[in-house]
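> Here it is: the structure, laid out below.
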Amino acid sequence: MYKLVLRPLLFLFDPEQVHHFSFALIRVCSKIGLGPLFRSVFMVEDTRLHKEVFGITFKNPVGLAAGFDKNAQCYNELSDFGFGFVEIGTLTPKAQDGNPKKRLFRLKEDKAIINRMGFNNDGVFDAVEQLKKEHRVIVGGNIGKNKSTPNNEAIKDYLICFDALFDHVDYFVVNVSSPNTPGLRELQDREPLTALLKELQKENDKLSTKQGGSRKPMLLKIAPDLTDEQLLDIIAIVEDTAIDGVIATNTTVARKDLTSHALLTEEAGGLSGKPLTDRSTEVIRFLAEKSQKAFPIIGVGGIHSEKDALEKLQAGADLIQLWTGFVYEGPSLVKRINKAILAQGQSVSARG
């Protein structure tokens with residue numbers, strides 16, 4: 001139904017407009033009581049899919065990546081499509097419009113998307129109001145810095161977002177790997193990244209002690225364009241800062257072996273989707289092997305089929321996330337992946 005009817009219709013229109021329309025439609029469907037129907041169609045309920053990662057028990061290992069529900073407007077409704085967790089953001093302290101439109105492009109022949117959104121969001125405090133609703137799903141908070149904030153003051157922006165979201169999300173993701181905010185990826189260098197993560201860990205300890213609870217798991221989202229040497233640095237940074245894991249990977253600035261029209265492939269921004277499948281899996285495998293599986297990994301990038309998902313898990317991912325694959329394949333992909341995990345006997349046993 002989705003690929004035969006809905007997708008061809010939606011793909012006739014501007015991708016960003018379709019995104020906003022889809023959100024409105026999902027909310028309307030929820031308000032008229034269709035949520036239980038969606039859950040009955042797309043949710044796979046099986047305790048064998050449960051997995052404990054960084055102290056959180058996930059109902060299944062398939063999540064929705066950040067960038068889809070930037071402003072935490074639809075996380076409960078999106079969970080009705082079978083996701084085990086939903087990551088909101090990227091959020092910044094102040095609301096910002098992002099980059100000028102047009103900034104989102106479909107590469108249909110490549111099953112890919114190029115985006116240069118630029119952390120467009122309504123600001124972290126607006127998201128907090130949205131997050132005060134009861135959660136039906138595990139929610140991760142992906143945080144970044146405002147475009148106007150220089151890198152030497154970036155820590156302040158991350159701390160503002162961290163403090164604001166602390167009581168409202170289940171885990172944090174530090175995003176220093178988007179290619180669409182000028183200079184942001186410079187924060188992936190070892191010295192500034194270590195300083196940033198250590199400050200956030202101090203704040204994590206302070207807030208958890210003050211509130212008499214436990215610290216929030218914190219992960220780092222990395223780019224697929226890092227060299228092996230830089231990936232080894234990431235492993236060392238994770239150990240040095242004692243963060244809880246890595247998300248591999250964000251979008252890529254590479255443009256290899258694309259078949260879509262050159263005017264599209266030459267657009268600036270981060271490329272996601274099928275062309276990223278192999279590289280993101282390579283990064284997952286490298287991190288898992290070189291670290292001797294010292295920390296959890298969430299695998300994301302080019303998951304368009306059950307096979308893609310299983311390969312990520314077999315390479316060393318503990319959880320996986322969809323984004324572009326969800327757009328191209330539709331919500332049935334979540335169900336198909338969870339069923340494939342059960343059918344293949346893929347290990348989803350608990351780990352700390």
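The values are calculated or read from the model by the stated rules, or taken from the named source; none is laboratory data. None of these values were measured; they are calculated from a predicted model. Please note: Cβ atoms are built from the backbone with ideal geometry, for glycine as well, and neighbour counts cover all protein chains shown.
> Say we look at region 206-238 and pick out the residues that are in contact (Cβ under 8 Å) with a residue 60 or more places away in the chain and farther than 14 Å from T249 by Cα; which of these is nearest to the chain's Cα centre (by Cα)?
Ranking the qualifying residues of region 206-238, first place goes to P217.
> Determine, yes or no, whether T277 is closer than 14 Å to L231 by Cβ, buried (at least 17 other Cβ atoms within 10 Å of the Cβ) and at pLDDT 95 or above.
Working: closer than 14 Å to L231 by Cβ: no; buried (at least 17 other Cβ atoms within 10 Å of the Cβ): yes; at pLDDT 95 or above: yes.
So T277 does not fit the description; no.
> Just checking, how many residues over region 28-84 are over 25 Å from V176 (Cα atoms), of a type in the set (V, I, T) and not in a loop (DSSP other than H, G, I, E, B)?
Qualifying residue count, region 28-84: 4.
> Based on what the data block shows, is V86 closer than 18 Å to V300 by Cβ, in contact (Cβ under 8 Å) with a residue 12 or more places away in the chain, in contact with a Pro (Cβ under 8 Å, 6 or more places away or on another chain) and surrounded by 15 or more Cβ atoms within 10 Å (Cβ to Cβ)?
no
> With (1) of a type outside the set (D, E, K, R); (2) surrounded by fewer than 21 Cβ atoms within 10 Å (Cβ to Cβ); (3) in a loop (DSSP other than H, G, I, E, B) as the list, and A340 as the residue in question, which single condition is left unmet?
(3)
> Please go through (1) among the charged types (D, E, K, R); (2) in a helix (DSSP H, G or I); (3) surrounded by fewer than 24 Cβ atoms within 10 Å (Cβ to Cβ) for K312 and return the number of the only condition it doesn't satisfy.
(3)
> Further question on the same structure: Any residue at all in region 85-92 that's within 25 Å of E311 (Cα to Cα) and of a type in the set (D, E, K, R)?
Checked region 85-92: at least one residue is within 25 Å of E311 (Cα to Cα) and of a type in the set (D, E, K, R).
> Something else: Can we say G63 is of a type outside the set (V, I, T) and more than 25 Å from E266 (Cβ to Cβ)?
Yes: the conditions hold for G63.
> Which of the residues belonging to region 19-43 are surrounded by 15 or more Cβ atoms within 10 Å (Cβ to Cβ) and either small (G, A, S) or in contact with a Lys or Arg (Cβ under 6 Å, 6 or more places away or on another chain) (or both)?
Result: S22, S30, G35, F42.
> Give V283, V327, V300 a once-over and let me know the one that is closer than 23 Å to E52 by Cβ and either at pLDDT 95 or above or not basic (K, R) (or both). Working first, answer last.
Numbers: V283 fails: closer than 23 Å to E52 by Cβ; V327 fails: closer than 23 Å to E52 by Cβ.
Checking each option against the conditions leaves just V300.
> Right, another one. Given the options G325, G330, name the one that is under 21 Å from K256 (Cα atoms) and small (G, A, S).
G325
> Restricting to region 230-254, name every residue that is of a type in the set (A, V, I, L, M, F, W, C), assigned to a loop (DSSP other than H, G, I, E, B) and farther than 15 Å from P296 by Cβ.
Across region 230-254, the qualifying residues are V253, A254.
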